[in-house]
Amino acid sequence: MSYGKYKRAHLDETLPPPPPLTPAQRQRAAQMRDAWREAFGDDQLIRDLLDAGMIHGWRNVMSVTPIEDAPHGDA
């Protein structure tokens, strides 16, 4: 699945380099990556956000919550 290529809002601005991860932060980032892959497979969205300079990587994923199709009462 591809979400297209994103353009930066300000081409001359880039994200400052992120600080090094602590072991706890590295573990949390790995948990977010694993939760994402379990919910959505090896999806391209995070890579696209990273390539667009919108995030630094899995460290910026705060939660993973798949949206399930709820019945609408039309049975």
Q: Taking only the stretch 42-64 into account, find how many residues are at pLDDT below 90 and loosely packed, with under 10 Cβ neighbours inside 10 Å.
A: 1
Q. Which members of the stretch 37-58 meet the condition of being touching a residue at least 40 places away in the same chain (Cβ under 8 Å), part of a helix (DSSP H, G or I) and among the aliphatic types (A, V, I, L, M)?
A. LEU45, LEU49
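The values are calculated or read from the model by the stated rules, or taken from the named source; none is laboratory data. Keep in mind that what you see is a predicted model, and the values were worked out from it rather than measured. All Cβ positions, even for glycine, are placed from backbone atoms using ideal geometry, and neighbour counts span all protein chains on display.
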